[in-house]
Amino acid sequence: MTYASHIIKSSKKLYNAQNILGHEPAILVRCFSKNGGPSTDLLRPCQHSFVPSKGDGSFRFSVEGIPNKANGFNHGHRMPSCKAFKGYFLSTATKMDISTACLGFNKSSPCCQRSARRGFSTDSGLPSHQEIGMPSLSPTMTEGNIARWLKKEGDKISPGEVLCEVETDKATVEMECMEEGYLVKIIHGDGAKDIKVGEVIAITVEEEDAIEKFKDYKAPASTTADEVKGSPDPTPSTKEVLEPVSSPGPKISKADEAPQAEEDDRIFMSPLARKLAQDHNVPLSSVNGTGPEGRIVKADIEDYLASSLKGVPKSAKETSAHTLEYSELPLSQIRKVTASRLLLSKQSIPHYYLTVDACVNKLMDLRSQLNTLQEASGGKRISVNDLVIKAAALALLKVPQCNSSWMKDYIRQYHNVNINIAVQTDNGLFVPVIRDADKKGLSKIAEEVKHLAQKAKDNSLKPEDYEGGTFTVSNLGGPFGIKQFCAIVNPPQAAILAVGSAEKRVIPGDGPNQFEFRSFMPVTLSCDHRVIDGAIGAEYLKAFKGYIENPQSMLI
């Protein structure tokens, strides 16, 4: 945008450009690739790369969109936004009677949320360079952390190579470079925290000779700070307002106003009480007056001193005896996002909970048979959790109301059954997704669950590994032995299934003195009452229980 902004800011040049644009149509291009990389093409003639102009007869643009000659332009300015640039250019073009049919703007281009921007040589003498900004790697990301840099200053970089690892609000994602060149300056090093999306994190150049010129380069202040600093104060000071005003009446200075305000707010008390309070440094605002009309008297000050002195030794003794030792742990991005989303869920979603016990004897027998076949064929072993995921997905087909989201003005019911599974790691809680779980076999589900769980523990999940879920399963029974618990709904979903541990129970038989042992697994469904009524939630648990107690039906 650098040279385009120079054209706009130089209004005389733009008005003189009527002959330029009238002679040959020009296209103003501001486009981004799918990966967020910008194009440097700014003003490109439709047919040729040479456009004559008024003046010395030459106004040239190279094939790459970088002007070879742009007389009178100050190269130190930058256009603040594409929206302002578009509006100013079109309005000026309209005044000049220039046809704007060939001016194309991509409304969907995230030009204001840049992940990298092109910068050129400025008045400081720096060569052409590219400023790489913090990219937006997930829909909810507003800031990120630099986990580590895989390239060092001075290294040559090529398209597709990994520059650094960025810790987003969901996971740690590798950031790839988009253009060939050299990494000359790292603005934010390893472990940098809370970097806003779009903030510059590194500088690259195309030529190796330019590396030395950036040795002592210091990053400029952020755009926000510059805008605040440079913007004039809209509220004039009192001095500026009062100076031009002349009044025949007497002027009241601030020194004269102060006693009046102090007199209005003063505390009424007897002279003896005032002296006693001054001698003992008593805060008068903490004393309640019992005299006439709330006046503070000597007895009030004495009562305050007595109560204060009585409590000091005991309080000091307790404080010294119960001193706590602690350490403060820094919050990771995933911990911050988990905390904010769960708080939002409990505050905004009307939860209710339904619990049912499902007999798992037949399920355990089927699992043993399937694992025997899996071991013979070299496949992954099937866990109880894999069977639970399959049963939860098939139950959603029977009760699709539970496979929905609250969208304020309507309820969105999904036709895909994508099951998120809660995975606890040292870095926090992750919820990778099993897509189309209703259509996949148990062997495929087992393989994907183990693969995604390992990626979560390695902190290497990508956005496609956890986005797009419609229902969540959280199992604390098998791994941790939790009997029963109530999970928090994962927005924007409308339900989450909490699975407890199976336990053996004695069940009475048909005849006297007859009994048998059976294993029961408690499951609790947490529902968003705006989407799922109580009877609908009960129907879902009935369907889920039917698949668990008759697992062969899942194989049909």
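Qualifying chymotrypsin sites (Phe, Trp or Tyr not before Pro) in the stretch 338-408, where qualification requires a DSSP coil assignment and no more than 13 other C-beta atoms within 10 Å, are lacking entirely.
Couplings for the stretch 508-519, taken from phi via the Karplus curve 6.51 cos²θ - 1.76 cosθ + 1.60 with θ = phi - 60°, read x, x, 6, x, x, 6, 10, 7, 8, 9, 9, 9 Hz in order; Gly and Pro are left as x. Surface composition of the stretch 486-554: carbon plus sulfur atoms contribute 52% of the solvent-accessible area (1.4 Å probe, protein chains only, all chains present).
Give the accessible surface of the stretch 342-449 per residue, rounded to a whole number of Å², with probe radius 1.4 Å and ligands, DNA and RNA excluded.
That works out to 50 Å² for each residue.
Surface composition of the stretch 337-385: carbon plus sulfur atoms contribute 57% of the solvent-accessible area (1.4 Å probe, protein chains only, all chains present). In this structure the amide hydrogen of Ala147, modeled in the peptide plane, comes within under 5 Å of the amide hydrogens of Glu165, Val166, Glu167, Gly191, none closer than 5 places in sequence on its chain. Distances between placed amide hydrogens fall under 5 Å for Ile187 paired with Ala202, Ile203, all partners being 5 or more residues away or on another chain.
The values are calculated or read from the model by the stated rules, or taken from the named source; none is laboratory data. If you're wondering where the values come from, they're calculated on a predicted model, not measured in any experiment. Note: ideal-geometry Cβ built from the backbone for every residue, glycine included; neighbour counts use all protein chains shown. Just so you know, the surface numbers come from the protein's heavy atoms only, side chains and all, with ligands and any DNA or RNA stripped out. Shrake-Rupley method; radii C 1.70, N 1.55, O 1.52, S 1.80 Å.
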